[in-house]
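Asks: Let me give you the structure first, and then I'll get to my questions.
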Amino acid sequence: MTAPTGTGPAARRTPARPGPAPAAVLCGLGSWLPPTEVANDEIAGRLGVTDDWIHQRTGVRSRHRAAPGSATADMAVEAGARALKSQAAEGETPPVDAVLLATATPDRLCPSTAPAVAARLGLRGAAALDLSAACSGFVYALSVAAGLIAARTCARILVIGSDTMSAVLDPDDRGTAPIFGDGAGAAVLRAGDPEEPGALGPFVLGSDGAGPLADLIHIPAGGSLTRYGYSGAHPSAHLRMDGREVFKRAMEHMGAAVTAAAARTGWDLAGVDRFAIHQANARISRALATRLGVPEDRWVSNIERVGNTTSASVPLLLDHAHTEGGLRPGHRVVVAAFGAGLTWGATSLVWPRLHRG
């Protein structure tokens, strides 16, 4: 693949012209999990619980952990390469104009991780940026990509979700250590017709960071508010989560986002073939399906073997479901996520025919 060079390559390929704005069309998928798989039995003793205790409360049986020295960019490159290979199966494809990396665990606070990922993928010269919206990050990044395509700023965009949650977990915290895993997933979007399979539908996005809501899922230290380097005890750099409140807020906001995304597409929930929902906790998914009156067999899932992979959750789920036959061409699909911030988002698409990266 040839990287774009010079100034504004996408603008030259997609000049402003009359007519409907192009849609963002899904044309490639890929994912990657670190080879080290950690079963519940390997962490249950430390936490003073059992495999069944973890599974009943979270739906997780195992999760993957990045090896020491492996970071978010490494996983993003692996997933991105597979997504690029998948879309390249269409034949000759134009260069990628931008790389958007959704992550809550960048390699460093500065610089952003996306430019290094783009360079390692042979995409030097492409626009590249990190996007932080926690577990909603990938859906937010899809919406940004769709906007860039609609504005004809870009014709083809690589969107990646990658998180190394093991870097911020307290291994002794029952509320987080069993739930989260590491991984990455990626999608390629191209400019296309709003009516063709794979075209992303209207987006529903929202947030509420008022008062204590901003601290329901948070890492206390490491930013400009609570800095390292002062005398005295260092504040915690481990993830903290109020699981009970998160459950309640996820039900409220993700349920509303799913319903609104389907309605804006012109679908009722009974007509949606598959729901691809952020894999936060199996209990949330089951309760949400019940609340919306949708049979559970329409909800694709992979949380049992990967856990909650934060920004990577949605693209990993899409790629696994596509590979395993849970998502088939023609399926009407609603995608949604909820995460720290609080943030939430949803969109829709008719599943296209995709190649495997």
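The values are calculated or read from the model by the stated rules, or taken from the named source; none is laboratory data. Quantities reported herein were computed from a predicted structural model and do not represent experimental measurements. Note that each Cβ is placed from the backbone with ideal geometry, even for glycine, and that neighbours are counted across all protein chains shown.
Asks: Restricting attention to helices (runs of 4 or more DSSP H) lying wholly within segment 280-357, give those where 2 or more residues are farther than 26 Å from residue 37 by Cα.
Replies: Numbers: elements: 282-292, 303-306, 313-324.
By residue number, 282-292.
Asks: While we're looking at this one, here's another question. Within segment 255-296, restricting attention to residues that are surrounded by fewer than 17 Cβ atoms within 10 Å (Cβ to Cβ) and charged (D, E, K, R), which residue is nearest to residue 203 (Cα to Cα)?
Replies: 264
Asks: Taking the options 246, 306, name whichever one is among the hydrophobic types (A, V, I, L, M, F, W, C), closer than 25 Å to residue 354 by Cα and in contact with a strand residue (DSSP E or B) (Cβ under 8 Å, 6 or more places away or on another chain). Quick ask: steps written out before the conclusion?
Replies: On the way: 246 fails: closer than 25 Å to residue 354 by Cα.
After applying the criteria, what remains is 306.
Asks: While we're here: Restricting to segment 72-112, name every residue that is within 16 Å of the chain's Cα centre (by Cα) and within 15 Å of residue 132 (Cα to Cα).
Replies: Matches in segment 72-112: 72, 73, 76, 99, 100, 101, 102, 103, 104, 105, 106.
Asks: Across segment 327-346, which residue is modelled with the highest pLDDT among those that are surrounded by 24 or more Cβ atoms within 10 Å (Cβ to Cβ) and not hydrophobic (A, V, I, L, M, F, W, C)?
Replies: Step by step, filter segment 327-346, then rank; the result is 345.
Asks: Let me ask another. What residue, among those in segment 53-102 that are of a type in the set (A, V, I, L, M, F, W, C) and assigned to a loop (DSSP other than H, G, I, E, B), is surrounded by the most Cβ atoms within 10 Å (Cβ to Cβ)?
Replies: Looking at residues that are of a type in the set (A, V, I, L, M, F, W, C) and assigned to a loop (DSSP other than H, G, I, E, B), I get 96.
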